[in-house]
1. Looking at (1) at pLDDT 95 or above; (2) in a helix (DSSP H, G or I), which is the one condition that is false for Trp321?
2. Step by step: first the residues of region 195-212, then only those that are among the polar types (S, T, N, Q) and open to solvent by less than 10 Å² (accessible area, probe 1.4 Å), then the one that is farthest from Ala68 (Cα to Cα). Which residue is that?
3. From the residues in region 75-85 that are open to solvent by 10 Å² or more (accessible area, probe 1.4 Å) and more than 19 Å from His427 (Cβ to Cβ), which one is modelled with the highest pLDDT?
4. For Val363, only one of the following conditions fails: (1) open to solvent by 20 Å² or more (accessible area, probe 1.4 Å); (2) more than 21 Å from Ser112 (Cα to Cα). What is its number?
5. Looking at (1) open to solvent by 50 Å² or more (accessible area, probe 1.4 Å); (2) without any contact (Cβ under 8 Å) to a residue 40 or more places away in the chain, find the lone condition where Arg15 falls short.
6. Looking only at residues that are part of a strand (DSSP E or B) and of a type in the set (A, V, I, L, M) in region 198-229, which one is farthest from the chain's Cα centre (by Cα)?
7. Condition first: open to solvent by less than 90 Å² (accessible area, probe 1.4 Å) and either of a type in the set (D, E, K, R) or modelled with pLDDT under 85 (or both). Can you find one or more residues in region 240-250 that meet it?
8. So which residues in region 46-63 are part of a strand (DSSP E or B) and open to solvent by 40 Å² or more (accessible area, probe 1.4 Å)?
Amino acid sequence: MTQFQTRYKCPSCWRFFRIEDVLWIANSEELRGEDRLSEYDFKRFLPRHFTPNCRAIDEYGGECEKIACPHCYLEIPRAYLESKDFMVSIVGSRTSGKTYFVTSLVHWIKRSLFNFGFYYYEATFANKNRDLEINIEKLFPNVTVPNERVDLAGTVPQYGVTIKTPKPKTPDQFDEFTYPIPFMYSIKSKELPESPNYSVCIYDHSGEDFRAGEDHPKAPLTQHLGYSDALFFLFDPTQFPNFIKAYKRKQGKELIDNELVGAERNTLGTSEAYQDQPYIIFGEMTRRIQNNYKNKRGKMLGTIEKYDRPIIIVVSKCDTWMCLLDESVQEIIKKGYPIPEKDANGNDIVGARPISKKLIKIVSDEIHRLLLEYRPQFINVVDSFASDVTFIPVSATGCSPTHEGFVPGTLEPIWIGVPFLYALAKHDSNLVKLV
(Lines give C-alpha, C1' and ligand atoms only; values in the text may rest on other atoms or scores of the structure.)
Protein backbone atom coordinates (compact mmCIF):
# COMPACT_ATOMS: atom_id res chain seq x y z
CA MET A 1 0.00 0.00 0.00
CA THR A 2 1.33 3.44 -0.90
CA GLN A 3 2.52 5.49 2.09
CA PHE A 4 2.09 9.21 1.49
CA GLN A 5 4.15 11.76 3.37
CA THR A 6 2.75 14.72 5.29
CA ARG A 7 4.58 17.21 3.08
CA TYR A 8 6.70 17.26 -0.04
CA LYS A 9 9.50 19.37 -1.48
CA CYS A 10 9.03 20.59 -5.04
CA PRO A 11 11.97 19.46 -7.20
CA SER A 12 11.89 22.75 -9.15
CA CYS A 13 11.29 25.55 -6.61
CA TRP A 14 12.19 23.53 -3.45
CA ARG A 15 9.26 24.91 -1.47
CA PHE A 16 7.27 22.51 0.69
CA PHE A 17 3.61 21.69 0.16
CA ARG A 18 0.98 19.35 1.57
CA ILE A 19 -0.62 16.67 -0.55
CA GLU A 20 -4.07 18.27 -0.23
CA ASP A 21 -2.69 21.44 -1.82
CA VAL A 22 -1.45 19.73 -4.98
CA LEU A 23 -2.81 21.29 -8.15
CA TRP A 24 -4.05 19.27 -11.08
CA ILE A 25 -3.41 20.13 -14.72
CA ALA A 26 -6.53 20.42 -16.87
CA ASN A 27 -6.94 18.15 -19.87
CA SER A 28 -9.66 19.88 -21.90
CA GLU A 29 -8.59 22.00 -24.89
CA GLU A 30 -10.93 24.76 -23.74
CA LEU A 31 -8.70 25.21 -20.68
CA ARG A 32 -5.47 26.04 -22.45
CA GLY A 33 -3.85 29.27 -21.30
CA GLU A 34 -2.35 29.34 -17.80
CA ASP A 35 -1.69 32.90 -16.62
CA ARG A 36 1.37 31.84 -14.62
CA LEU A 37 2.98 30.02 -17.56
CA SER A 38 1.90 30.51 -21.18
CA GLU A 39 -1.07 30.48 -23.51
CA TYR A 40 -0.16 26.94 -24.55
CA ASP A 41 -0.10 25.41 -21.06
CA PHE A 42 -3.22 23.89 -19.52
CA LYS A 43 -4.69 25.63 -16.48
CA ARG A 44 -3.89 24.42 -12.97
CA PHE A 45 -6.74 23.93 -10.51
CA LEU A 46 -7.80 22.43 -7.17
CA PRO A 47 -10.30 19.69 -8.06
CA ARG A 48 -13.72 19.13 -6.53
CA HIS A 49 -14.59 15.94 -8.35
CA PHE A 50 -12.68 12.74 -9.06
CA THR A 51 -13.22 9.61 -11.14
CA PRO A 52 -13.43 6.19 -9.39
CA ASN A 53 -9.74 5.65 -10.24
CA CYS A 54 -8.75 8.89 -8.48
CA ARG A 55 -8.26 11.16 -11.46
CA ALA A 56 -9.36 14.76 -11.15
CA ILE A 57 -12.14 16.06 -13.40
CA ASP A 58 -11.73 19.55 -14.83
CA GLU A 59 -14.62 21.97 -15.36
CA TYR A 60 -15.21 20.71 -18.92
CA GLY A 61 -15.37 17.08 -17.81
CA GLY A 62 -11.86 16.13 -18.87
CA GLU A 63 -10.11 13.40 -16.89
CA CYS A 64 -6.76 14.69 -15.67
CA GLU A 65 -3.62 12.68 -15.00
CA LYS A 66 -0.93 15.30 -14.40
CA ILE A 67 -0.28 17.31 -11.25
CA ALA A 68 1.66 20.48 -10.42
CA CYS A 69 3.35 22.27 -7.53
CA PRO A 70 0.98 24.75 -5.83
CA HIS A 71 3.79 27.32 -5.58
CA CYS A 72 5.57 27.37 -8.96
CA TYR A 73 2.81 25.64 -11.00
CA LEU A 74 5.39 23.40 -12.68
CA GLU A 75 4.50 19.79 -13.36
CA ILE A 76 5.51 17.10 -10.88
CA PRO A 77 5.46 13.39 -11.76
CA ARG A 78 2.66 11.62 -9.87
CA ALA A 79 5.16 8.94 -8.86
CA TYR A 80 7.01 11.64 -6.95
CA LEU A 81 4.22 11.70 -4.33
CA GLU A 82 4.63 7.97 -3.79
CA SER A 83 8.38 8.03 -3.22
CA LYS A 84 11.19 9.70 -1.35
CA ASP A 85 13.44 12.07 -3.21
CA PHE A 86 17.17 11.66 -3.73
CA MET A 87 18.58 14.89 -5.11
CA VAL A 88 22.00 15.00 -6.77
CA SER A 89 23.62 18.25 -7.92
CA ILE A 90 26.32 18.13 -10.58
CA VAL A 91 28.75 21.05 -10.54
CA GLY A 92 31.76 21.91 -12.68
CA SER A 93 33.31 24.44 -15.00
CA ARG A 94 32.94 24.52 -18.76
CA THR A 95 34.59 21.56 -20.54
CA SER A 96 34.86 19.57 -17.30
CA GLY A 97 32.78 16.84 -18.95
CA LYS A 98 29.41 17.25 -17.20
CA THR A 99 27.29 16.49 -20.28
CA TYR A 100 29.18 13.29 -21.06
CA PHE A 101 29.19 12.30 -17.38
CA VAL A 102 25.40 12.69 -16.96
CA THR A 103 24.71 10.90 -20.24
CA SER A 104 26.97 7.97 -19.39
CA LEU A 105 25.74 7.82 -15.77
CA VAL A 106 22.05 7.60 -16.67
CA HIS A 107 22.83 5.00 -19.33
CA TRP A 108 24.61 2.97 -16.63
CA ILE A 109 21.67 3.39 -14.22
CA LYS A 110 19.27 2.04 -16.85
CA ARG A 111 21.53 -0.84 -17.86
CA SER A 112 23.43 -1.94 -14.74
CA LEU A 113 21.74 -0.72 -11.55
CA PHE A 114 19.77 -3.99 -11.48
CA ASN A 115 23.01 -5.83 -10.63
CA PHE A 116 23.36 -3.76 -7.47
CA GLY A 117 19.92 -4.61 -6.14
CA PHE A 118 17.59 -2.08 -7.75
CA TYR A 119 14.68 -1.98 -10.12
CA TYR A 120 14.84 0.95 -12.49
CA TYR A 121 11.68 2.63 -13.74
CA GLU A 122 11.70 4.47 -17.04
CA ALA A 123 11.57 8.24 -17.15
CA THR A 124 8.92 9.59 -14.79
CA PHE A 125 9.27 13.03 -16.33
CA ALA A 126 9.62 12.35 -20.03
CA ASN A 127 9.50 15.96 -21.24
CA LYS A 128 12.70 16.88 -19.41
CA ASN A 129 14.42 13.54 -19.89
CA ARG A 130 13.94 13.57 -23.66
CA ASP A 131 17.10 15.56 -24.43
CA LEU A 132 19.15 13.28 -22.22
CA GLU A 133 17.69 10.18 -23.86
CA ILE A 134 18.70 11.57 -27.26
CA ASN A 135 22.30 11.97 -26.02
CA ILE A 136 22.27 8.41 -24.66
CA GLU A 137 21.12 7.10 -28.03
CA LYS A 138 23.92 9.04 -29.73
CA LEU A 139 26.69 7.70 -27.49
CA PHE A 140 25.34 4.20 -26.88
CA PRO A 141 23.24 3.28 -29.95
CA ASN A 142 21.69 -0.15 -30.44
CA VAL A 143 23.16 -0.23 -33.94
CA THR A 144 26.59 1.23 -34.74
CA VAL A 145 26.90 3.15 -37.98
CA PRO A 146 30.34 2.74 -39.65
CA ASN A 147 32.53 5.88 -39.63
CA GLU A 148 30.01 7.82 -37.52
CA ARG A 149 31.40 10.22 -34.91
CA VAL A 150 29.60 11.98 -32.04
CA ASP A 151 30.36 15.21 -30.20
CA LEU A 152 27.69 16.15 -27.64
CA ALA A 153 26.73 19.80 -27.23
CA GLY A 154 27.06 21.33 -23.77
CA THR A 155 24.18 22.51 -21.61
CA VAL A 156 22.66 25.87 -22.56
CA PRO A 157 23.35 28.61 -19.94
CA GLN A 158 20.38 29.79 -17.85
CA TYR A 159 18.28 26.84 -19.07
CA GLY A 160 14.99 26.54 -17.21
CA VAL A 161 11.26 27.30 -17.24
CA THR A 162 10.00 30.85 -16.65
CA ILE A 163 6.90 31.32 -14.52
CA LYS A 164 4.97 34.40 -13.42
CA THR A 165 4.41 35.02 -9.71
CA PRO A 166 1.99 37.66 -8.36
CA LYS A 167 3.69 40.52 -6.54
CA PRO A 168 2.86 40.53 -2.80
CA LYS A 169 1.46 44.08 -2.68
CA THR A 170 0.01 44.18 -6.20
CA PRO A 171 -1.46 40.72 -6.99
CA ASP A 172 -2.59 41.86 -10.43
CA GLN A 173 1.07 42.38 -11.42
CA PHE A 174 3.61 39.63 -11.90
CA ASP A 175 7.33 39.00 -11.44
CA GLU A 176 9.01 36.43 -13.68
CA PHE A 177 11.16 33.68 -12.16
CA THR A 178 13.15 30.98 -13.95
CA TYR A 179 13.39 27.56 -12.30
CA PRO A 180 15.28 24.42 -13.35
CA ILE A 181 13.68 21.13 -14.28
CA PRO A 182 15.79 18.16 -13.15
CA PHE A 183 16.22 14.84 -14.88
CA MET A 184 14.00 12.44 -12.92
CA TYR A 185 13.94 8.65 -12.66
CA SER A 186 12.55 6.14 -10.18
CA ILE A 187 14.38 3.27 -8.51
CA LYS A 188 13.34 0.66 -5.96
CA SER A 189 15.30 -1.86 -3.91
CA LYS A 190 14.90 -5.51 -4.95
CA GLU A 191 16.19 -6.77 -1.62
CA LEU A 192 13.85 -4.64 0.50
CA PRO A 193 10.36 -4.90 -1.06
CA GLU A 194 8.82 -2.87 1.78
CA SER A 195 11.24 0.02 1.23
CA PRO A 196 9.94 3.14 -0.53
CA ASN A 197 10.59 4.04 -4.11
CA TYR A 198 13.13 6.78 -4.67
CA SER A 199 12.71 9.57 -7.20
CA VAL A 200 16.22 10.38 -8.35
CA CYS A 201 16.49 14.07 -9.27
CA ILE A 202 19.66 15.00 -11.17
CA TYR A 203 20.44 18.69 -11.62
CA ASP A 204 22.84 19.64 -14.40
CA HIS A 205 23.71 23.15 -15.62
CA SER A 206 26.23 24.78 -17.88
CA GLY A 207 29.54 25.81 -16.36
CA GLU A 208 28.66 29.47 -16.90
CA ASP A 209 25.76 29.16 -14.43
CA PHE A 210 28.23 28.49 -11.61
CA ARG A 211 30.29 31.61 -12.16
CA ALA A 212 30.16 34.41 -9.60
CA GLY A 213 27.32 36.84 -10.27
CA GLU A 214 25.27 34.41 -12.37
CA ASP A 215 22.95 33.42 -9.51
CA HIS A 216 20.15 35.96 -9.84
CA PRO A 217 17.26 36.16 -7.29
CA LYS A 218 14.76 35.86 -10.15
CA ALA A 219 16.65 32.94 -11.72
CA PRO A 220 17.53 30.69 -8.76
CA LEU A 221 18.63 27.89 -11.07
CA THR A 222 21.28 26.50 -8.73
CA GLN A 223 19.44 26.93 -5.45
CA HIS A 224 19.15 23.14 -5.30
CA LEU A 225 22.76 23.11 -4.05
CA GLY A 226 21.46 23.90 -0.57
CA TYR A 227 18.94 21.04 -0.63
CA SER A 228 20.78 18.24 -2.43
CA ASP A 229 21.50 14.92 -0.75
CA ALA A 230 24.83 14.64 -2.57
CA LEU A 231 27.07 16.94 -4.62
CA PHE A 232 29.16 15.72 -7.56
CA PHE A 233 31.90 18.22 -8.39
CA LEU A 234 33.61 17.43 -11.70
CA PHE A 235 37.33 18.13 -11.89
CA ASP A 236 39.19 17.67 -15.18
CA PRO A 237 42.99 17.38 -14.66
CA THR A 238 43.70 17.56 -18.39
CA GLN A 239 42.92 21.29 -18.36
CA PHE A 240 46.06 22.12 -16.37
CA PRO A 241 49.61 22.44 -17.76
CA ASN A 242 51.38 20.82 -14.79
CA PHE A 243 49.25 17.67 -15.17
CA ILE A 244 50.03 17.61 -18.87
CA LYS A 245 53.77 17.99 -18.21
CA ALA A 246 53.67 15.25 -15.54
CA TYR A 247 51.99 12.92 -18.02
CA LYS A 248 54.63 13.65 -20.65
CA ARG A 249 57.43 12.91 -18.15
CA LYS A 250 55.75 9.64 -17.18
CA GLN A 251 54.73 8.41 -20.64
CA GLY A 252 57.18 10.18 -22.91
CA LYS A 253 54.42 11.59 -25.10
CA GLU A 254 51.80 14.31 -25.16
CA LEU A 255 48.67 13.77 -23.05
CA ILE A 256 46.25 14.91 -25.77
CA ASP A 257 46.74 16.21 -29.26
CA ASN A 258 46.83 20.01 -28.92
CA GLU A 259 44.58 20.35 -31.96
CA LEU A 260 41.86 18.43 -30.14
CA VAL A 261 41.81 20.56 -27.01
CA GLY A 262 43.08 23.90 -28.26
CA ALA A 263 39.58 25.34 -28.54
CA GLU A 264 38.51 24.02 -25.12
CA ARG A 265 41.52 24.48 -22.85
CA ASN A 266 41.43 27.59 -20.68
CA THR A 267 43.48 30.49 -22.01
CA LEU A 268 45.69 31.46 -19.10
CA GLY A 269 45.60 35.08 -18.02
CA THR A 270 42.05 35.84 -19.19
CA SER A 271 39.15 36.79 -16.92
CA GLU A 272 37.08 33.91 -18.30
CA ALA A 273 39.81 31.39 -17.50
CA TYR A 274 40.05 32.73 -13.95
CA GLN A 275 36.29 32.33 -13.41
CA ASP A 276 36.49 28.73 -14.65
CA GLN A 277 39.24 27.69 -12.25
CA PRO A 278 37.92 24.77 -10.14
CA TYR A 279 38.77 26.41 -6.82
CA ILE A 280 36.87 29.57 -7.89
CA ILE A 281 33.83 27.53 -9.02
CA PHE A 282 33.97 25.47 -5.79
CA GLY A 283 34.18 28.63 -3.70
CA GLU A 284 31.14 30.10 -5.46
CA MET A 285 29.32 26.80 -4.89
CA THR A 286 30.01 26.99 -1.14
CA ARG A 287 28.58 30.51 -1.00
CA ARG A 288 25.35 29.38 -2.67
CA ILE A 289 25.11 26.36 -0.37
CA GLN A 290 25.49 28.54 2.71
CA ASN A 291 22.60 30.72 1.53
CA ASN A 292 20.11 27.83 1.57
CA TYR A 293 21.55 24.89 3.47
CA LYS A 294 20.37 23.79 6.90
CA ASN A 295 22.29 21.19 8.91
CA LYS A 296 20.88 18.20 10.75
CA ARG A 297 19.82 20.46 13.61
CA GLY A 298 17.83 22.64 11.21
CA LYS A 299 20.22 25.59 11.47
CA MET A 300 21.99 27.54 8.76
CA LEU A 301 25.61 26.61 8.13
CA GLY A 302 27.93 28.77 10.26
CA THR A 303 31.11 30.32 8.92
CA ILE A 304 33.35 27.91 10.87
CA GLU A 305 31.03 24.90 10.69
CA LYS A 306 31.80 22.28 8.06
CA TYR A 307 29.27 21.06 5.50
CA ASP A 308 28.21 17.55 6.55
CA ARG A 309 26.57 16.08 3.45
CA PRO A 310 28.62 13.98 0.99
CA ILE A 311 30.68 15.82 -1.60
CA ILE A 312 32.14 13.58 -4.28
CA ILE A 313 34.93 15.04 -6.37
CA VAL A 314 34.44 13.25 -9.67
CA VAL A 315 37.87 13.38 -11.30
CA SER A 316 36.95 12.96 -14.94
CA LYS A 317 38.75 11.55 -18.00
CA CYS A 318 40.75 9.11 -15.87
CA ASP A 319 41.54 6.98 -18.92
CA THR A 320 44.11 9.65 -19.85
CA TRP A 321 45.78 10.61 -16.53
CA MET A 322 45.41 7.38 -14.47
CA CYS A 323 49.08 6.53 -15.09
CA LEU A 324 50.02 9.26 -12.57
CA LEU A 325 48.52 7.20 -9.74
CA ASP A 326 50.32 4.52 -7.76
CA GLU A 327 50.35 1.23 -9.69
CA SER A 328 48.42 -0.61 -6.96
CA VAL A 329 45.64 1.98 -7.21
CA GLN A 330 45.62 1.70 -10.99
CA GLU A 331 45.04 -2.03 -10.62
CA ILE A 332 42.05 -1.45 -8.34
CA ILE A 333 40.45 0.80 -10.96
CA LYS A 334 41.27 -1.50 -13.89
CA LYS A 335 39.67 -4.50 -12.17
CA GLY A 336 36.27 -2.84 -12.49
CA TYR A 337 33.78 -1.82 -9.86
CA PRO A 338 35.07 -1.89 -6.25
CA ILE A 339 33.09 -4.95 -5.22
CA PRO A 340 34.45 -7.01 -2.28
CA GLU A 341 34.85 -10.73 -2.80
CA LYS A 342 33.58 -11.55 0.71
CA ASP A 343 31.16 -9.90 3.11
CA ALA A 344 32.14 -8.55 6.54
CA ASN A 345 31.88 -12.09 8.01
CA GLY A 346 34.07 -13.65 5.34
CA ASN A 347 31.19 -15.33 3.53
CA ASP A 348 30.52 -15.33 -0.21
CA ILE A 349 28.28 -12.49 -1.29
CA VAL A 350 24.77 -13.50 -2.32
CA GLY A 351 22.18 -11.18 -3.85
CA ALA A 352 22.72 -7.48 -4.38
CA ARG A 353 26.35 -6.48 -4.73
CA PRO A 354 27.79 -4.21 -2.04
CA ILE A 355 30.69 -1.87 -2.71
CA SER A 356 33.98 -1.81 -0.86
CA LYS A 357 34.44 1.17 1.43
CA LYS A 358 38.09 0.16 1.87
CA LEU A 359 38.90 0.15 -1.85
CA ILE A 360 37.14 3.46 -2.43
CA LYS A 361 39.10 5.03 0.44
CA ILE A 362 42.41 3.75 -0.95
CA VAL A 363 41.65 5.26 -4.36
CA SER A 364 40.30 8.49 -2.84
CA ASP A 365 43.36 9.01 -0.65
CA GLU A 366 45.71 8.51 -3.60
CA ILE A 367 43.83 11.02 -5.77
CA HIS A 368 43.79 13.48 -2.87
CA ARG A 369 47.57 13.13 -2.68
CA LEU A 370 47.90 13.69 -6.42
CA LEU A 371 45.69 16.78 -6.47
CA LEU A 372 47.41 18.18 -3.39
CA GLU A 373 50.67 17.99 -5.29
CA TYR A 374 49.42 19.59 -8.52
CA ARG A 375 46.38 21.71 -7.49
CA PRO A 376 46.89 22.61 -3.79
CA GLN A 377 44.59 25.65 -4.00
CA PHE A 378 41.67 23.43 -4.95
CA ILE A 379 42.34 20.90 -2.18
CA ASN A 380 42.63 23.67 0.38
CA VAL A 381 39.20 25.07 -0.54
CA VAL A 382 37.59 21.60 -0.54
CA ASP A 383 39.08 20.37 2.75
CA SER A 384 38.27 23.60 4.59
CA PHE A 385 34.59 23.52 3.61
CA ALA A 386 33.40 19.91 3.93
CA SER A 387 33.86 17.07 6.41
CA ASP A 388 32.76 14.25 4.09
CA VAL A 389 34.72 14.41 0.82
CA THR A 390 35.56 11.48 -1.44
CA PHE A 391 37.63 11.58 -4.63
CA ILE A 392 36.46 9.12 -7.29
CA PRO A 393 38.01 8.74 -10.77
CA VAL A 394 35.70 8.20 -13.73
CA SER A 395 35.81 8.20 -17.49
CA ALA A 396 32.45 8.74 -19.17
CA THR A 397 33.72 7.25 -22.43
CA GLY A 398 36.78 5.16 -21.53
CA CYS A 399 38.83 6.77 -24.28
CA SER A 400 39.86 10.08 -25.82
CA PRO A 401 38.01 11.47 -28.85
CA THR A 402 39.30 11.52 -32.39
CA HIS A 403 39.40 14.78 -34.33
CA GLU A 404 35.77 14.23 -35.36
CA GLY A 405 34.50 13.09 -31.95
CA PHE A 406 33.79 9.75 -30.26
CA VAL A 407 32.96 6.50 -32.02
CA PRO A 408 29.44 5.65 -30.77
CA GLY A 409 28.69 2.14 -29.61
CA THR A 410 32.34 1.35 -28.81
CA LEU A 411 32.65 3.28 -25.54
CA GLU A 412 33.48 1.53 -22.27
CA PRO A 413 33.08 3.95 -19.34
CA ILE A 414 35.28 3.49 -16.28
CA TRP A 415 33.77 3.58 -12.75
CA ILE A 416 30.90 5.71 -14.07
CA GLY A 417 28.37 4.33 -11.56
CA VAL A 418 30.63 4.39 -8.48
CA PRO A 419 29.86 8.02 -7.46
CA PHE A 420 26.12 7.32 -7.64
CA LEU A 421 26.33 4.04 -5.70
CA TYR A 422 28.55 5.59 -3.05
CA ALA A 423 26.26 8.61 -2.65
CA LEU A 424 23.22 6.34 -2.39
CA ALA A 425 24.97 4.25 0.27
CA LYS A 426 25.79 7.37 2.27
CA HIS A 427 22.19 8.54 1.98
CA ASP A 428 20.57 5.26 3.06
CA SER A 429 22.82 2.40 4.19
CA ASN A 430 19.95 -0.07 3.70
CA LEU A 431 19.89 0.58 -0.04
CA VAL A 432 23.55 0.01 -0.91
CA LYS A 433 25.87 -1.75 1.50
CA LEU A 434 29.35 -0.40 2.19
CA VAL A 435 31.54 -3.25 3.46
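1. Of (1) at pLDDT 95 or above; (2) in a helix (DSSP H, G or I), only one is false for Trp321: (1).
2. By that ranking, first place goes to Ser206.
3. The extreme case among them is Glu75.
4. Looking at each condition in turn, Val363 falls short on (1).
5. Every listed condition holds for Arg15 apart from (2).
6. Ala219
7. no
8. Across region 46-63, the qualifying residues are Phe50, Ile57, Glu63.
The values are calculated or read from the model by the stated rules, or taken from the named source; none is laboratory data. Keep in mind that what you see is a predicted model, and the values were worked out from it rather than measured. Positions of Cβ are generated from backbone atoms using ideal geometry, with glycine treated the same way; all protein chains shown enter the neighbour counts. All accessible areas refer to the heavy atoms of the entire protein, side chains included, with ligands and DNA or RNA removed. Shrake-Rupley method; radii C 1.70, N 1.55, O 1.52, S 1.80 Å.
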